[in-house]
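Working notes, beginning with the structure itself.
The values are calculated or read from the model by the stated rules, or taken from the named source; none is laboratory data. If you're wondering where the values come from, they're calculated on a predicted model, not measured in any experiment. Every residue, glycine as well, gets a Cβ built from its backbone with ideal geometry; the counts of neighbours run over all protein chains shown. Heavy atoms of the whole protein, side chains included, go into the accessibility calculation; ligands, DNA and RNA do not. Shrake-Rupley method; radii C 1.70, N 1.55, O 1.52, S 1.80 Å.
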Amino acid sequence: MKNWKSILLYLGVVYIVLLLGPIAGFDLPKIVGEIVSSPEVFIQQLLVGLVNGALIAIIALGYTMVYGIIELINFAHGDLYMLGAFASLTVFGAFGMQDGAPLGIAIPVMLVALIVCSVFCAGLNIVVEKYAYRPLRNAPRLAPLISAIGVSFIFQNMGLFWGGLKAFIPVMGSNSAAPKSFPDLLPRVDIFKALGIQTSIVFTTKDLIVLVVAVVLMVLLHVFVQYTRLGKAMRATAQSRDAAKIMGINVDQIIALTFLIGGALAGSAGILVGLYNNTIVFTMGFTAGLRAFTAAVLGGIGNIVGAMLGGVLIGLLSSLSDQYLSSRWTNAWVFGVLVVILAFRPGGLLGENVQEKV
Amino acid sequence: MLKRKQQTNQPMNFSQKSGGKSPTRPKTNSTQNLGAAGLRKLLFAAGIASLCASCQNPPAPTATTPGGSPGTSPAATPVAVSSPGDPNTVKIVSMLPMTGSALGQAQTLVNGIQQALAETNSKACDGKIQIQYEVYDDATAAAGKWDPAQVTSNSNKAVADGSVVAVIGHYNSGAAKLSIPVLNQANIVMISPANTYPGLTKPGKGEAKEPNVYYPAGTRNFTRVVPADDLQGAVAGNWAKSLGVQKVYILDDQELYGKGIADVFEPTAKKLGIQVLGREGIDIKASDYKALMNKIKALNPDMIYFGGTTQSNAGQIIKDMRNVGMTPEAVKFMGPDGIKEQALIDAAGKDAEGIYATFGGLPPQELTGAGAKWYTNYKAKYNAEPEAYAAYAYEAAKVAIGAINKVCKNDRAAIREAVLATKDFNGVLGTWSFDTNGDTSLTTMSGNVVKGGKWEFVNALKLE
């Protein structure tokens, strides 16, 4: 019976792939030909995908950590990241930062902004955990999930309101809900050109900085969770809350800590994405959240390394689809691959094979 | 690596503050827990809800309530379409996106309508008829722009309110597509200041069964005071040619308006000998378009044409275009009237400099005669610059008031006919008429460019 079901599932997946392929312009010989004839374009798109993937991965970490410890899909996380971006824009506005401000001033201000919005998002996340999730911790699984969706709406409206404070924060522009222009502060030196390599590939210091910061954040988190006492307590709490409690771990505090770290990461992601894309809008949390959530599921939800892997995979997949297929179909491919992977490995790429109901 | 086991609903009450629960019955526990926290949360939610309610419903501009019962809520479930209440009171409704990034534009449209009403003291037929005005919001915060469910519920609300005789809207053609059929069956006329999708009125310019699918009652109820996109797309092609463009890459936002206008631009460009390098639909919710822009850059275009609006992420597209190294000197960017608003400049910042936009009419500052006078009045009244469509909203309101003046009673069908019969209307846009489709006879368009952080009028464009 179970076998029969899984065969049906595989057939379904094959059907989706066969259906999508031709419509979306999936023509393998042609694509291979294009890659061979201009490998530079291919490498360029890999780089774009890598940086975007790293940004997705940072947000995905917040999802996966919270899921790992209390099995809650925190739908408000994407919107928290949006608020982080708004907070950093406000800090930049307060310091009067504008496009192409001199680095000597920009770097300290960026550090201040990074700290301010990490602390802001972390604090907000702890408050939300305390008032929206903790009272529901022993309730049926659906209750905190819906609570999270509610928080997501509150955050979105906070962003909308924030954007309308143009009387106090002039950088918000003239229109409350329009996308906001984010100052372009990171230096933009073409690395290959500076090294004297003749190529059409463009990889600027801006991309490199974003990539490095993202990787550093991810490595720090990994080290923290794997090699510190608090990290150990987090893992213990994730494994069994009861046992952890008996062992003298303050479970409430550890969960709050998880939300704190997740919030800080969301804040850092907000400022990084702002500096990288130079536009922020109050609805950006939803899409980014969806992608990051997908990345977390793809890698195996609850698994930190998996979230990073999933993020990078999604970034690469979308940039390559934009180049060789059609941007019209990029989302279909991203979620199609998700379907395929979940069909064959329900726990995600690096996850365990545990049956879950959400 | 965080791992988890499948323990979820275990009681674990040792540290719960609201004690007194039996640890052997987890189910009751959770519900009790919910109940304990529920009251506080409910109060909190109610607070939030009331906040939202107060900010989303701007106070109706005309405070006069219809005869008697000032307490009756308009939200009461509509039972019958009839019962117009006071026969001497009619209502005009505007359906515009008052939430999301179109708000700035929509607010100036509402201002234009209020201005038109204020000039007549909200009265018609020598004071016999009282005209009320209500603002419906067709957008939701969740969508960030117009929302299909919201449009449908608004249309039903208008139909159910017996005093509604005319609707001014929408801003988005996709929204109009949904509301026209509903209003059509109730004989409510819609006058649009901004919907430019050709298929709404013109046969053969849109999908196969358009426009008849929108008019199930068999009569027309939709008119627009703004020229349709079949003209604008063509004019854009001509303009691009005269700017010296030879190779163009076309993008659209996969929405009715944006795709429609790109669909007209593409053949025009080809006909004029401009090489079309490619055509692509974008995901308007994507966080960036660097990969796509790298792909386009490799093809060396002179211009990117984008069929879309500010809400469909035009600002990000422009930023990423410059981010991957397509300079304003080498690659131009052109879009339709959907991007000709201050919000786009706010979004794209310095990268907005030098981008082009066509507009289905003249910008407010360029209007002459009655239009120039209107422009001064508007600025004096609201102490702000009107956005592109404010004059059209004003004109639409004037058309509605004119029709009410002719009919002088609360009669939807008669007012619908009066609006459609508008001929040689002498308004702020000049003297014009509606044709049998409900389209304006005006065809003057304009080309605009961003200079010094402001939209600047370049030249008037005519269809060749």
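A Cβ distance below 6 Å, combined with a sequence gap of six or more or placement on separate chains, defines the contacts here; from region A:146-171, residues that are farther than 10 Å from A:Ala132 by Cβ reach residues that are open to solvent by 40 Å² or more (accessible area, probe 1.4 Å) in the pairs A:Ile149/A:Phe75; A:Ser152/A:Phe75. On the stretch given as region A:227-261, residues that are within 12 Å of another protein chain (Cβ to nearest Cβ), of a type in the set (S, T, N, Q) and surrounded by fewer than 19 Cβ atoms within 10 Å (Cβ to Cβ) total 4.
Does B:Asn313 meet the test of being within 11 Å of chain A (Cβ to nearest Cβ), under 28 Å from A:Asn52 (Cα atoms), crowded, with 24+ Cβ neighbours inside 10 Å and under 18 Å from the mean Cα position of the chain (by Cα)? Yes, satisfied.
Across region B:319-330, the qualifying residues are those that are open to solvent by 10 Å² or more (accessible area, probe 1.4 Å) and assigned to a helix (DSSP H, G or I), and the one among them that is nearest to B:Asp229 (Cα to Cα) is B:Arg322. Applying the set (1) among the hydrophobic types (A, V, I, L, M, F, W, C); (2) touching a Ser or Thr at 6+ places or on another chain (Cβ under 7 Å); (3) open to solvent by less than 20 Å² (accessible area, probe 1.4 Å) to A:Ala264 leaves exactly one unmet item: (3). Every residue in region B:168-200 that is open to solvent by less than 10 Å² (accessible area, probe 1.4 Å) and assigned to a helix (DSSP H, G or I), please. Across region B:168-200, the qualifying residues are B:Ser173, B:Ala175, B:Ala176, B:Ser179, B:Ile180, B:Leu183, B:Asn184, B:Pro198, B:Gly199, B:Leu200.
Here the condition is being in contact (Cβ under 8 Å) with a residue 12 or more places away in the chain, out of contact with any strand residue (DSSP E or B) (no Cβ under 8 Å at 6 or more places or on another chain) and of a type in the set (S, T, N, Q); of B:Thr196, B:Thr219, it holds for B:Thr219 alone. Return yes when B:Lys406 is farther than 24 Å from B:Val449 by Cα, in contact (Cβ under 8 Å) with a residue 24 or more places away in the chain, in a helix (DSSP H, G or I) and open to solvent by 50 Å² or more (accessible area, probe 1.4 Å) and no when it is not. Against the criterion (farther than 24 Å from B:Val449 by Cα, in contact (Cβ under 8 Å) with a residue 24 or more places away in the chain, in a helix (DSSP H, G or I) and open to solvent by 50 Å² or more (accessible area, probe 1.4 Å)), B:Lys406 does not qualify.
Do you know which of the residues in region B:102-132 that are in contact with a Phe, Trp or Tyr (Cβ under 9 Å, 6 or more places away or on another chain) and among the hydroxyl-bearing types (Ser, Thr, Tyr) is farthest from the other protein chains (Cβ to nearest Cβ)? Only one residue fits best here, namely B:Ser122. Taking the condition open to solvent by 10 Å² or more (accessible area, probe 1.4 Å), over 14 Å from B:Ser173 (Cβ atoms) and either modelled with pLDDT under 90 or under 22 Å from the mean Cα position of the chain (by Cα) (or both), does B:Pro267 pass? It is false that B:Pro267 is open to solvent by 10 Å² or more (accessible area, probe 1.4 Å), over 14 Å from B:Ser173 (Cβ atoms) and either modelled with pLDDT under 90 or under 22 Å from the mean Cα position of the chain (by Cα) (or both).
Of all residues in region B:285-310, those satisfying the criterion of being more than 12 Å from chain A (Cβ to nearest Cβ) and within 22 Å of B:Tyr257 (Cα to Cα) are B:Met303, B:Ile304, B:Tyr305, B:Phe306, B:Gly307, B:Gly308.
The residue pairs whose first member lies in region B:444-461 and is open to solvent by 70 Å² or more (accessible area, probe 1.4 Å), whose second member is small (Gly, Ala, Ser) and modelled with pLDDT under 85, and whose beta carbons are closer than 6 Å, counting only pairs six or more residues apart or on different chains, do not exist in this structure.
Per the conditions (1) buried (at least 24 other Cβ atoms within 10 Å of the Cβ); (2) at negative phi; (3) touching a residue at least 60 places away in the same chain (Cβ under 8 Å), the sole criterion not satisfied by A:Tyr324 is (1).
Restricting B:Gly447, B:Gly371 to residues that are under 22 Å from the mean Cα position of the chain (by Cα) and away from chain A (no Cβ under 14 Å) narrows the list to B:Gly447.
Could you tell me whether region B:207-218 includes any residue that is out of contact with any Lys or Arg (no Cβ under 8 Å at 6 or more places or on another chain) and part of a helix (DSSP H, G or I)? Yes, that holds for at least one residue. Beta carbons closer than 9 Å, at least 6 apart along the sequence or on distinct chains, pair a first residue in region B:269-288 that is under 27 Å from A:Asn278 (Cα atoms) with a second that is surrounded by fewer than 20 Cβ atoms within 10 Å (Cβ to Cβ) and of a type in the set (Ser, Thr, Tyr) for B:Asp283/A:Thr287; B:Lys285/A:Thr287; B:Ala286/A:Thr287; B:Ser287/A:Thr287. Scanning region B:331-368 for residues that are open to solvent by 60 Å² or more (accessible area, probe 1.4 Å), away from every other protein chain (no Cβ under 14 Å) and in contact (Cβ under 8 Å) with a residue 24 or more places away in the chain returns B:Gln365, B:Glu366. Selection of region A:347-358 for residues being open to solvent by 30 Å² or more (accessible area, probe 1.4 Å) and at pLDDT 80 or above yields A:Leu349, A:Leu350. Restricting A:Leu290, A:Leu316 to those that are within 11 Å of chain B (Cβ to nearest Cβ), open to solvent by 10 Å² or more (accessible area, probe 1.4 Å) and over 12 Å from the mean Cα position of the chain (by Cα) reduces the list to A:Leu316.
Taking the conditions (1) modelled with pLDDT of 90 or more; (2) in contact with a strand residue (DSSP E or B) (Cβ under 9 Å, 6 or more places away or on another chain) in turn, A:Ile154 satisfies each one other than (2).
Out of the residues in region A:12-48 that are within 14 Å of another protein chain (Cβ to nearest Cβ) and open to solvent by 70 Å² or more (accessible area, probe 1.4 Å), which is nearest to the chain's Cα centre (by Cα)? First the steps, then the outcome.
The initial filter retains those residues of region A:12-48 that are within 14 Å of another protein chain (Cβ to nearest Cβ), namely A:23-25, A:31, A:34-35, A:37-48.
Now drop any that are not open to solvent by 70 Å² or more (accessible area, probe 1.4 Å), which leaves A:23, A:37, A:40, A:43.
On the way: A:Ile23: 29, A:Ser37: 33, A:Glu40: 27, A:Ile43: 23 Å.
Among those that are within 14 Å of another protein chain (Cβ to nearest Cβ) and open to solvent by 70 Å² or more (accessible area, probe 1.4 Å), it is A:Ile43.
Can you spot a residue in region B:160-178 that is among the aliphatic types (A, V, I, L, M) and over 22 Å from B:Leu420 (Cα atoms)? Checked against the condition, which is being among the aliphatic types (A, V, I, L, M) and over 22 Å from B:Leu420 (Cα atoms), region B:160-178 yields at least one hit. Condition first: buried (at least 24 other Cβ atoms within 10 Å of the Cβ), under 16 Å from the mean Cα position of the chain (by Cα) and over 23 Å from B:Val165 (Cα atoms). Can you find one or more residues in region B:210-226 that meet it? Scanning region B:210-226 turns up no residue that is buried (at least 24 other Cβ atoms within 10 Å of the Cβ), under 16 Å from the mean Cα position of the chain (by Cα) and over 23 Å from B:Val165 (Cα atoms).
Quick grid of which residues meet (1) within 30 Å of A:Ser240 (Cβ to Cβ); (2) in a helix (DSSP H, G or I); (3) modelled with pLDDT under 85:
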| position | (1), (2), (3) |
| --- | --- |
| A:Val13 | no, yes, yes |
| A:Gly21 | no, yes, yes |
| A:Gly25 | no, no, yes |
| A:Val36 | no, yes, no |
| A:Leu50 | no, yes, no |
| A:Val66 | yes, yes, no |
| A:Leu72 | yes, no, no |
| A:Phe75 | yes, no, no |
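Looking across B:Ala142, B:Ala149, one residue alone is at pLDDT below 90, under 19 Å from the mean Cα position of the chain (by Cα) and surrounded by fewer than 20 Cβ atoms within 10 Å (Cβ to Cβ). It is B:Ala142. For region A:151-189, a residue qualifies if it is outside any loop (DSSP other than H, G, I, E, B), more than 9 Å from chain B (Cβ to nearest Cβ) and either aliphatic (A, V, I, L, M) or over 26 Å from the mean Cα position of the chain (by Cα) (or both), and the qualifying residues are A:Val151, A:Met158, A:Pro170, A:Val171.
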